[in-house]
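Read through the structure below, which is laid out as structure tokens, and then see the notes.
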Amino acid sequence: MGTNVAGSDVPIGIIGRGAMGLPIAQRLLECGVDVVGYDIDPAPVTALAGQIYAASSPRDVADRAAIVLGCLPGNDAYRDALFGMTGAVGGTQMTHCIHLGTSGGAFVDEPAALWRRSSAA
């Protein structure tokens, strides 16, 4: 693995590799950053086959990347990706989750509070 923008050899994670996530993954790869990604649709995985690590779930992304970008189509998808049965919040490496959606501040506060509660338990 190469070195990411934070000077680490830990890859950047992307959950959701559709209209936003796929171009972001491509740009990170162009910059020499290793990428771990997950999407419920296998098409984006195929588009970058051999270039990124295709994770089996959001938790798998969070087990492999400290910084995880959430590129998801809506609040329910975001909640499930973070807190569902295989949600990223249970991952062992993730320290930062960056929401790249357009949900607004009120929604971002909700998962942040849930994450803080789950980390304290």
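What follows draws every value from the coordinates through simple rules; no lab data is involved. Remember, it's a predicted structure, so these values are computed and weren't measured experimentally.
Some observations on this one:
- Normalised alpha carbon radius of gyration of region 12-120 [divisor 2.2 N^0.38 Å]: 0.99
- For region 12-120: relative contact order, % (alpha-carbon pairs under 8 angstrom, 6 or more apart): 26
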